[in-house]
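Throughout, read-outs are computed from the coordinates displayed, never taken from laboratory work. Being a predicted model, the structure only gives us computed values, none of them experimental.
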Amino acid sequence: MQSPTFPSMQSRYRGFDMNMPNQPSPTGYFESHPVGEIIRSFFFSSILWMLLAITLYGVYSMVVAS
């Protein structure tokens with residue numbers, strides 16, 4: 001599996017090898033699966049799509065009304 005190009009994401013996707021003592025211990029499910037980040041990203045994405053839709057509807061209404 002290839003590592004992501006972002007340095008902050010690379011530590012999340014490195015494989016865990018029991019023979020290497022310098023690696024951190026395995027983490028819990030919610031630390032290795034960022035459910036909170038996914039929900040937060042979905043929420044912000046939804047807000048941005050709603051703002052885009054409202055803006056486009058406003059522009060469309062002004063064009064049709066003129």
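Rounded to the nearest Hz, the phi-derived 3J(HN,Hα) couplings of region 59-65 under the Karplus curve 6.51 cos²θ - 1.76 cosθ + 1.60 (θ = phi - 60°) are 5, 4, 5, 5, 5, 5, 6, where x marks glycine and proline. Potential lengthening of the chain between A65 and S32 amounts to 6.6 nm, from the contour at 0.36 nm per residue minus the alpha-carbon distance.
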